[in-house]
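First comes the structure, then the notes that go with it.
The values are calculated or read from the model by the stated rules, or taken from the named source; none is laboratory data. Predicted, not measured: the structure shown is a model, and the values here were computed from it. Cβ atoms come from the backbone with ideal geometry, glycine included; neighbour counts cover every protein chain shown.
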Amino acid sequence: LSILAGASRNHERASFCYGDVEGRVAERSMEPHGLVYARSRWYLVAWDESRADWRTFRVDRIRGDITLGPRFAPREIPHGDLATYVSKSVASGSYPFRARVVFHAPRSRIAQRIPPLAGYLEAIDDQRCVLETGSHSLDMLALYIAGVGEDFEVHEPPELVDAMRRLAARLVRADRS
């Protein structure tokens, strides 16, 4: 952590071996911009030179030594700050199913029910906000969104509406009165 924090502060390029979710390890070279602690993990936000794009790296997946290189000119952080970028990246970026839902409630109220890393929330106006989130299944997304307890509209993906209908039918069948 201290090496990555120093490299971020001093704007020094860094290289290391990184293990992905499936255990494959690859050499990565990047421009580290900062660390964020979330969900009991440390994340590095960096410009990945080989992919020419921003990436979030779980620090616990770094293998071996970190090699520092020449300095770089810092870039503008996506979404304005590191924590927001990590929130958006972790909330939906790594999941096969991603959703965009508009809640008919103020962002402040929805934010009390959705942890920052479970979804990226943005106010539309004083009475509505949009949630971007992800999951490994549409059924889990349907359950999670319905569990927020506010009126909403599904904007993406259209298949989530079908999952919502299946969930609604299951709930109606559960009524034995």
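Assorted remarks:
- First in region 94-117 and surrounded by fewer than 16 Cβ atoms within 10 Å (Cβ to Cβ), second anywhere and of a type in the set (V, I, T), Cβ under 7 Å, 6 or more apart: V102/I124; V102/V130; R113/V148
- Residue match in region 76-84 (condition: surrounded by fewer than 19 Cβ atoms within 10 Å (Cβ to Cβ) and more than 16 Å from the chain's Cα centre (by Cα)): yes
- Of all residues in region 144-163, exactly one satisfies the criterion of being under 18 Å from the mean Cα position of the chain (by Cα) and of a type in the set (A, V, I, L, M), namely I145.
- Breaking point among (1) surrounded by fewer than 16 Cβ atoms within 10 Å (Cβ to Cβ); (2) at pLDDT 90 or above; (3) farther than 23 Å from L1 by Cα, for D65: (3)
- Number of positions in region 6-35 that are acidic (D, E) and part of a strand (DSSP E or B): 3
- For region 1-58, residues that are of a type in the set (D, E, K, R), in contact (Cβ under 8 Å) with a residue 24 or more places away in the chain and within 18 Å of K88 (Cα to Cα) total 2.
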